[in-house]
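A.B. asks: I have a structure here, written as structure tokens, and I will follow up with some questions on it.
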Amino acid sequence: MEPHPGRLVAIIGGGPAGLMAAEAASNAGARVDVYDAMPSVGRKFLMAGKGGLNLTHSEPSEAFLARYGARRAYLEPLLTGFGPQALRAWARELGVDTFIGSSGRVFPSGMKAAPLLRAWLHRLRAAGVHFHMRHRWRAWDEDGALRFATPQGERAVRADAVVLALGGGSWARLGSDGAWVPLLAARGVRVAPLRPANCGFDAGWSEHFRARYAGQAVKPVVLAHRAPDGTARRQQGEFMITATGVEGGLIYFLSAGLRDEIEAKGAAVLQLDLAPGRGLARLERELSRPRASSSLANHLRRYAGIVGVKAGLLRELLPASDFADPLRLAAAIKALPLRLLAPRPLDEAISSAGGVVFEALDEHLMIKALPGVFCAGEMLDWEAPTGGYLLTACFASGRAAGAGAIAWLDSAQPPPAR
């Protein structure tokens, strides 16, 4: 056993939620040790920022909070305490300015995650936060000490309070492997099953379509979907054809409802508007023009703007008889049904749904069944679309959990029971 005199908060998990919990606890005067299974912290954070770190979103508060769906009531107090404006101010304090892109998304001025993470780690280390890498958490021993598997063997550490920020179940190679689920379940903590979120879907393409169009973007296009709960969503943008199905921003925007419908019914149906700039009446009129010697492909290109992968989708998804009827063809172009068969595996998803349910936690994110143990980040049972919402809630919940650990210690609670 390694003695730790004084008030020690152990943070397990070195992603945004864990690091923010470390900052909150350290700022309150606690000694803080951060443990992570990987060789370095923030690996998923850095990967997410490779193409430009979408830190948060600038939309009005009501629209922003609505992105958290059924878990809004639990996340709203956390986001009120540390929302988009506070996050931007925090980045500025680290010497990283932010800007609002044309979509309303907020990015650091240099677009990348690395400068922000470097400045943050420098500040945490200067404040006395200690980092212990290649420490994989293995729950607690019989004496209530934290167990870690390390390259040098098992290590036992006793802490006065613990914040778990272990991530969800996506991108296991970067540390979020969901291995914590059975460890907490064994302690009586209720954990909703981890499921893919912001993910692609299988569509069962023909070999011809897959070989010709995999890797191509469908744009501009409008996708519409009615979820099992009756929520109707419609959005314009683009998505990608993959070897197995579809992925990309528009698909991620609708992925929660699509996943839930597949779970309930065995499949989900999207409606694709392949000609968002043309109304149905116009298409019916234009496509009814005599073709003469013109090919159908040229007719579609000239009068409907349908070419390339969009034409491929029509041929893949429509019966041949519909191409002979201008009215049915026009209707299909404006509302082409695409049947999705399954979400892609959890490890391929950008994020995960499920996790420690909020009903198992108090208002400070402490596990009721494990006094002195707090949870933060993606291991909590919530989900949100991409667009800065995921990161903002991870930061906010980490800050709340770190502050909650300090409040619990200040309340002179008895030693945590295990």
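A.B. asks: So which of Leu194, Leu250 ends up being in contact (Cβ under 8 Å) with a residue 24 or more places away in the chain, part of a helix (DSSP H, G or I) and among the aliphatic types (A, V, I, L, M)?
C.D. replies: The match here is Leu250.
A.B. asks: If a residue has to be touching a residue at least 40 places away in the same chain (Cβ under 8 Å) and assigned to a helix (DSSP H, G or I) to count, how many in segment 124-139 make the cut?
C.D. replies: Here the count works out to 1.
A.B. asks: Between a first residue in segment 199-218 that is more than 11 Å from Glu316 (Cα to Cα) and a second residue that is part of a loop (DSSP other than H, G, I, E, B) and charged (D, E, K, R), which pairs have beta carbons less than 6 Å apart while being 6 or more apart in sequence or on different chains?
C.D. replies: Cys199/Arg344; Gly200/Arg344
A.B. asks: For residues that are surrounded by fewer than 21 Cβ atoms within 10 Å (Cβ to Cβ) and charged (D, E, K, R), scanning just segment 6-32, find the one that is modelled with the lowest pLDDT.
C.D. replies: Among those that are surrounded by fewer than 21 Cβ atoms within 10 Å (Cβ to Cβ) and charged (D, E, K, R), it is Arg7.
A.B. asks: Just for segment 94-118: of the residues that are of a type in the set (D, E, K, R) and either in a helix (DSSP H, G or I) or crowded, with 17+ Cβ neighbours inside 10 Å (or both), which one is farthest from the chain's Cα centre (by Cα)?
C.D. replies: Among those residues, the one meeting the criterion is Arg118.
A.B. asks: Hey, another quick one. Anything in segment 244-276 that is among the polar types (S, T, N, Q) and in contact with a helix residue (DSSP H, G or I) (Cβ under 9 Å, 6 or more places away or on another chain)? List them, or say none.
C.D. replies: Thr244, Gln271 - these are the residues of segment 244-276 that are among the polar types (S, T, N, Q) and in contact with a helix residue (DSSP H, G or I) (Cβ under 9 Å, 6 or more places away or on another chain).
A.B. asks: Continuing with this model, one more query. With respect to the numbered conditions (1) polar (S, T, N, Q); (2) touching a helix residue (DSSP H, G or I) at 6+ places or on another chain (Cβ under 9 Å); (3) more than 21 Å from Asp362 (Cα to Cα), which one is the sole condition not fulfilled by Gln85?
C.D. replies: (2)
A.B. asks: On the basis of being buried (at least 19 other Cβ atoms within 10 Å of the Cβ), among the small types (Gly, Ala, Ser) and part of a helix (DSSP H, G or I), does Ala330 make the cut? Working first, answer last.
C.D. replies: Details: buried (at least 19 other Cβ atoms within 10 Å of the Cβ): yes; among the small types (Gly, Ala, Ser): yes; part of a helix (DSSP H, G or I): yes.
It is true that Ala330 is buried (at least 19 other Cβ atoms within 10 Å of the Cβ), among the small types (Gly, Ala, Ser) and part of a helix (DSSP H, G or I).
A.B. asks: So which residues in segment 144-170 are over 17 Å from Ala369 (Cα atoms) and among the β-branched types (Val, Ile, Thr)?
C.D. replies: Thr150, Val157, listed by residue number.
A.B. asks: So which of Gly404, Gly305 ends up being closer than 25 Å to Val222 by Cα and more than 22 Å from the chain's Cα centre (by Cα)?
C.D. replies: Gly305 is the lone residue from the list that is closer than 25 Å to Val222 by Cα and more than 22 Å from the chain's Cα centre (by Cα).
The values are calculated or read from the model by the stated rules, or taken from the named source; none is laboratory data. Predicted model, so just to flag it, every value in this text is computed and none were measured. Every residue, glycine among them, receives a Cβ derived from its backbone with ideal geometry; neighbour counts consider all protein chains shown.
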